[in-house]
Amino acid sequence: METTRPRTLRPGTFRRRTLVVALTALALGATSVTAVTAADRAPAAAPKAQVLLDWNAVAVATINADAKRYAPEQNVWHGFVSAAVYNAVVGIEGRYAPYRWDVRGPGGASAEAAAAAAAHRVLLTYFPKSKARLDAAYAKSLKNVPDGKAEDQGAAFGRRAADRVIQLRVGDGRGAAVAFTKSPAPGVWRPTPPDNTPFRVPWLAKVKPMVLDSAERFLPGAPPATDTRRYARELAEVRVLGAKNSKVRTARQTETARFFTDVLPVQLQAAYRDQVQRRGLDLVDAARLFAAANTAAADATITAWNAKYTHAQWRPVTAIRQAGTDGNPATAGEPAWEPLLRTPAHPDHVSGHTAADGAAMAVLHRLTGGNIDLRISSAVTGTTRTYPKAADFDRDVVGAGMWGGIQYRTSGEAGSRLGHAVGNYALDHHFRPVR
């Protein structure tokens, strides 16, 4: 984990200070002197992270199971919860700078009670239909905290931290009526078979980011034009590898494509919980991991949706079936072509999946010193994978879209680069160590 470098004393400084303490005590008539060591001055160990793990699982159940929010949108909600919990924890325990806040909690307050109260408040505010689940979880959390002033002060501070994040998100554009008005044309997205569903959650393209100053900061350029060699090459690649009955896609490529059709935020939150447990992180470092990864994934998703809305690239299933209209002599239409996977209901460039993944990988890479040792599972395939390095994970996620027949190579790679840029920005400008 990233840590601040401890302040060191020059040789002899500690001995001189101890001598001064001793002489002063003797001058005052003291009969004995106890030397004050660095260990005596060390702060108490931060609480264990179990309360955070419990509430992350509650957040997943609330957002995914109860509210059934669309997977990309879930990244935003997890960002809200994690930011509030982080502020509640570091406001009491210190070590890292609060997120867009400059308030410290009362000394001696329970950080565990604060974390539970913050998560409860945010989730109840946005998902009131889950009140029974949330209240039961909150009561369970407080049973693990001794009754008294520390618990009361911690809970009150946690609610303040939650209210701060809620106030920051007022009027942020969530759920706004954003219409997609581009008419179908060669290269331009339109609803895809078999359901022909309209552009899903287009408001994500315009919502206010969490850690970025603008959703335009890392907006990628346009995809390859339909009349270029590069476009023809990428279209041929996904046509062959991503076809429903492809003869060249390997068994592992097929399994990889299906592996990543699980709900990405659910997969990532479980992987973060596993990281915290296996690495033995305390509450402070765990709160930082969740906050940095989730706010970065939220902003990477927002930026990706901005790119989708701006560039409106058609999906491979449309492009392959209508290749005869794209003005490229190197392509030819295949009206009956089908992809391995069901095509998502939004434009291709850039991939929202690889953008969110890239943001998470950038954060994990920084916080683990490059050895992410990520264990991630898929309910779709019933398998678990371990990725030692972020680059290993990025490679499979980019490949999965092509092997599933739903995404061009450039869309996946550009999304991953975007995500990494957002993740690094998040740690460069927020969640930084303090002395």
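Here are the numbers for the structure shown:
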{"read-out": "Hey, residue 400 farther than 22 Å from residue 180 by Cα, in a helix (DSSP H, G or I) and modelled with pLDDT of 95 or more or not", "value": "yes"}
{"read-out": "Residue match in segment 131-139 (condition: at negative phi, open to solvent by less than 40 Å² (accessible area, probe 1.4 Å) and either out of contact with any His (no Cβ under 8 Å at 6 or more places or on another chain) or among the polar types (S, T, N, Q) (or both))", "value": "no"}
{"read-out": "Among the candidates 82, 110, residue that is at pLDDT 95 or above and over 21 Å from the mean Cα position of the chain (by Cα)", "value": "110"}
{"read-out": "Selected residue (only one of 273, 258, 233 is on the phi < 0 side of the Ramachandran plot, in contact with a strand residue (DSSP E or B) (Cβ under 9 Å, 6 or more places away or on another chain), open to solvent by 40 Å² or more (accessible area, probe 1.4 Å) and not β-branched (Val, Ile, Thr))", "value": "258"}
{"read-out": "Residue in segment 360-380 that is hydrophobic (A, V, I, L, M, F, W, C) and open to solvent by 50 Å² or more (accessible area, probe 1.4 Å) present", "value": "yes"}
{"read-out": "Contacts under 6 angstrom Cβ, first residue in segment 379-400 being over 19 Å from residue 350 (Cα atoms) and in contact (Cβ under 8 Å) with a residue 12 or more places away in the chain, partner assigned to a helix (DSSP H, G or I) and open to solvent by less than 30 Å² (accessible area, probe 1.4 Å), 6 or more apart", "value": "381/259; 387/393; 390/361"}
{"read-out": "Contacts under 6 angstrom Cβ, first residue in segment 221-248 being over 14 Å from residue 409 (Cβ atoms) and modelled with pLDDT of 95 or more, partner of a type in the set (A, V, I, L, M) and surrounded by 14 or more Cβ atoms within 10 Å (Cβ to Cβ), 6 or more apart", "value": "244/340; 248/240"}
{"read-out": "Top-ranked residue in segment 280-311 [being more than 22 Å from residue 87 (Cα to Cα) and open to solvent by 10 Å² or more (accessible area, probe 1.4 Å); ranked as nearest to the chain's Cα centre (by Cα)]", "value": "309"}
{"read-out": "Helices (runs of 4 or more DSSP H) lying entirely in segment 59-159 (those with 3 or more residues that are over 15 Å from residue 288 (Cβ atoms) and in contact with a Ser or Thr (Cβ under 8 Å, 6 or more places away or on another chain))", "value": "71-93, 111-126"}
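The values are calculated or read from the model by the stated rules, or taken from the named source; none is laboratory data. All values derive from a computational prediction rather than experimental measurement. Cβ coordinates were reconstructed from backbone atoms using ideal geometry, including for glycine residues, and neighbour counts include every protein chain displayed. Ligands, DNA and RNA are excluded from the accessible area calculation, which covers all protein heavy atoms including side chains. Shrake-Rupley method; radii C 1.70, N 1.55, O 1.52, S 1.80 Å.
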